[in-house]
Amino acid sequence: MSIAEAPATSQVGRAIAMVLFAYFLFSFVDTSTKWMLGVGLAALQLAFMRYLVHFLITIVDMRRRGKTLKPVSGRNRAIALLRSFCLVSATCANFFALLHLPLAVTAAILHVAPVLVCLLAWPILGEEVRRTHWIAVLLGLSGVLIIVQPFGEGANWYAVLMLYPATCMALYTVLTRKIAHEVSPTTSQFYTGLMGTVVLLPFGVMTWETPPSLLAWVLTFGIGVFAWAGHEFLIRAHAHAGASLLAPFGYAFVVYLAIAGWLVFDHIPEWYTWVGAVLIFAAGLIIWRAQTRQAG
């Protein structure tokens, strides 16, 4: 590999690491939310707090760094608002489903999204989706299906509901990539926090229940902190690598939540969960190897 080509590979590796860490933070959001739903707090109340805290952190971070919102063209503003709507509505649907489904199941269904990312990356971004990307995504999806074991059971409407946030997250990911070089991460975070706070405020007030313990209070605010940090890493990752390249690494979220379900809710993953995890990580290694060969 030449000296000129080395930075490209380094940037890809940095982007992958940021995506993996972002989903690690997101696993805290879902685990905390499921626990709080179990003690009687409402899904819309938690969704409102998640975006209120996100918005406040963004404002504080902007003031600390002395940053202001940079001018955004009408086209990019529309894309940023659509991106924010996708994330906010996906959060609400996910929170409703979390009370009724195991963490690993919600994560697995949500990660139909990478397949949709590959479908959307070409028409929206003009990115080339190579055969290797498809193989990796399908391999990862096979791992997800092994974990979920959906065959031979009646339809669960909460599982069907999870197809909506999966679709929204695919569009969110592609739109993040589309404006990553023109709209700063701070501006993207601001729009997301603002939309979630404004749209969910009346629902948060109507469904409000006082958290029953100090831990519940901490987690009520904590989900916003974890979510803000996760999206900060995710936005920055997409400034360094394409959406179709990063898509398979989102499957790590399934593994994180399978472990969280075991530790927090005493749901011990079955043997097939680990088989699925091996396939998921194999997908990541395939896509990484293909990229390093291309760069080299």
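Please find, within segment 144-156, the residue that is nearest to L175 (Cα to Cα) out of those that are at pLDDT below 75 and either in contact with a helix residue (DSSP H, G or I) (Cβ under 8 Å, 6 or more places away or on another chain) or surrounded by 15 or more Cβ atoms within 10 Å (Cβ to Cβ) (or both). Result: V144.
Of the residues making up segment 79-115, those that are small (G, A, S), at pLDDT below 90 and under 22 Å from I235 (Cβ atoms) number 3.
Across segment 260-269, what is the total count of residues that are out of contact with any Leu (no Cβ under 7 Å at 6 or more places or on another chain) and either free of Cβ contacts under 8 Å to residues at least 40 places away in the same chain or of a type in the set (G, A, S) (or both)? Within segment 260-269, residues that are out of contact with any Leu (no Cβ under 7 Å at 6 or more places or on another chain) and either free of Cβ contacts under 8 Å to residues at least 40 places away in the same chain or of a type in the set (G, A, S) (or both) number 4. If you go through segment 29-44 one residue at a time, how many are closer than 22 Å to Y256 by Cα and not aromatic (F, W, Y)? Residues meeting the conditions: 10. Counting just the residues of segment 162-213 that are in a helix (DSSP H, G or I) and of a type in the set (G, A, S), which one comes out nearest to V254 (Cα to Cα)? My answer is A166.
Considering only residues in segment 56-87 that are among the β-branched types (V, I, T) and in contact (Cβ under 8 Å) with a residue 12 or more places away in the chain, the one that is surrounded by the fewest Cβ atoms within 10 Å (Cβ to Cβ) turns out to be I59. Within segment 12-30, the only residue that satisfies the criterion of being within 13 Å of R50 (Cβ to Cβ) and β-branched (V, I, T) is V29.
Going by the structure shown, is T210 free of Cβ contacts under 8 Å to residues at least 40 places away in the same chain and surrounded by fewer than 22 Cβ atoms within 10 Å (Cβ to Cβ)? It is true that T210 is free of Cβ contacts under 8 Å to residues at least 40 places away in the same chain and surrounded by fewer than 22 Cβ atoms within 10 Å (Cβ to Cβ). Can you name the condition, by its number, that Y251 falls short on among (1) among the hydroxyl-bearing types (S, T, Y); (2) crowded, with 20+ Cβ neighbours inside 10 Å; (3) over 16 Å from the mean Cα position of the chain (by Cα)? The failed condition is (3).
For P123, the criteria (1) modelled with pLDDT under 80; (2) touching a helix residue (DSSP H, G or I) at 6+ places or on another chain (Cβ under 8 Å); (3) not in a loop (DSSP other than H, G, I, E, B) hold in every case but one, which is (2).
Applying the criterion of being touching a Phe, Trp or Tyr at 6+ places or on another chain (Cβ under 9 Å) and under 30 Å from V129 (Cα atoms) to the residues of segment 185-207, the residue that is surrounded by the most Cβ atoms within 10 Å (Cβ to Cβ) is T192.
The values are calculated or read from the model by the stated rules, or taken from the named source; none is laboratory data. The model shown is predicted, which means the values in this text are computed figures rather than measured ones. Backbone-built Cβ (ideal geometry, glycine too); neighbour counts: all protein chains shown.
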